[in-house]
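J.: Before anything else, here's the structure in question.
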Amino acid sequence: MLVLRDATVADAGLLAGFVHELASYEKLAHEAVATVHDFGVAIAEKHIGALIAELDEVPVGMALWFHNFSTFTGKRGMYLEDLFVLPTHRHQGIGKAIFRDLARRAQLGGFTRLEWSVLDWNTPALDFYRAIGAKPMDEWTVQRLDAAGIADLASSR
C-alpha cells in the first residue's frame, strides 16, 4: 500500500540520503553537499515542503519543494526542487501519485503554477513528464550564480 506523508525533521536523514542518490544518478554527486542538519533546519523553519512516499511502510521516494511567486499571475506557485523514486520502485505509479498529490496541494493553495527543471539528457524523466501533461518551457533557459559568483558580484563595483 502506497502512503504519501509530509516529511518531518525526523526525516532529514532520509531526505539527505534520497537527494544524494538523485545527485549520483544525475552525475552531480560532487555538488550535493547539504547535510542532514541542513535538511532538518529547512523543514523546521518551513523553508521547504517535503513528502515521503512509503510502500508497505518502507520509504521508496520523496518530493521536495518551495513556494515561488509569479508577477504575471499575481499568485504563488510551487517549485519542485527534487523528485526521487528508488530505481527498484519505478514504473509502479509512485511518481504519478506524488505529482497528483503536489497538484492537489497547488490547487488547494490557489497556486497558478507547478514548475521544475529536468536535465536535457534525462529521457525517462522527460517522457514521464510529457505523459502527465507537463509542457516544456523551450524558450526559457535557467541561469544561475553559484556561491562564488554571488560573492564576486556582491563585491564588485
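The values are calculated or read from the model by the stated rules, or taken from the named source; none is laboratory data. Quick caveat: nothing in here was measured; it's all calculated off a predicted structure. Ideal geometry is used to build each Cβ from the backbone, glycine not excepted, and the neighbour counts take in all protein chains shown.
J.: Identify, please: which residue in segment 106-121 is within 15 Å of the chain's Cα centre (by Cα) and part of a loop (DSSP other than H, G, I, E, B) and is, among those, surrounded by the fewest Cβ atoms within 10 Å (Cβ to Cβ)? Spell out how you get there, then give the answer.
T.: Quick first cut of segment 106-121, residues within 15 Å of the chain's Cα centre (by Cα) only: 106, 113-119.
Filter once more, so that each one left must be part of a loop (DSSP other than H, G, I, E, B): 113, 117-119.
On the way: Arg113: 15, Ser117: 10, Val118: 15, Leu119: 12.
So the residue we want is Ser117.
J.: Also, I was wondering about something else. Of the residues Asp82, Asp38, which is touching a strand residue (DSSP E or B) at 6+ places or on another chain (Cβ under 6 Å) and at pLDDT 95 or above?
T.: Asp82
J.: Which one of Leu64, Leu14, Leu4 is over 27 Å from Arg130 (Cα atoms) and surrounded by 16 or more Cβ atoms within 10 Å (Cβ to Cβ)?
T.: Only one candidate qualifies: Leu14.
J.: If we keep just the residues of segment 3-23 that are of a type in the set (Val, Ile, Thr) and assigned to a helix (DSSP H, G or I), which is nearest to Ala63 (Cα to Cα)?
T.: The first filter runs over segment 3-23 and keeps only residues of a type in the set (Val, Ile, Thr), leaving 3, 8-9, 19.
Filter again for assigned to a helix (DSSP H, G or I), leaving 9, 19.
On the way: Val9: 15, Val19: 10 Å.
Per the criteria, the residue is Val19.
J.: Same structure, new question: Any idea which of Ala134, Ala125 is out of contact with any Asp or Glu (no Cβ under 7 Å at 6 or more places or on another chain), small (Gly, Ala, Ser), part of a loop (DSSP other than H, G, I, E, B) and surrounded by 10 or more Cβ atoms within 10 Å (Cβ to Cβ)? Step through it out loud before you land on a result.
T.: Details: Ala125 fails: part of a loop (DSSP other than H, G, I, E, B).
Just one listed residue meets the conditions, Ala134.
J.: Only one residue in Gly13, Gly61 is in contact with an Asp or Glu (Cβ under 9 Å, 6 or more places away or on another chain) and either without any contact (Cβ under 8 Å) to a residue 40 or more places away in the chain or not hydrophobic (A, V, I, L, M, F, W, C) (or both), so which one is that?
T.: The conditions single out Gly61.
J.: Might you check whether a residue that is among the polar types (S, T, N, Q) and either closer than 25 Å to Asp6 by Cβ or surrounded by 15 or more Cβ atoms within 10 Å (Cβ to Cβ) (or both) occurs anywhere in segment 67-82?
T.: Within segment 67-82 (the criterion being among the polar types (S, T, N, Q) and either closer than 25 Å to Asp6 by Cβ or surrounded by 15 or more Cβ atoms within 10 Å (Cβ to Cβ) (or both)), the answer is yes, since at least one residue qualifies.
J.: Only one of these conditions is not met by Glu54: (1) in a strand (DSSP E or B); (2) in contact with a helix residue (DSSP H, G or I) (Cβ under 9 Å, 6 or more places away or on another chain). Which number is it?
T.: (2)
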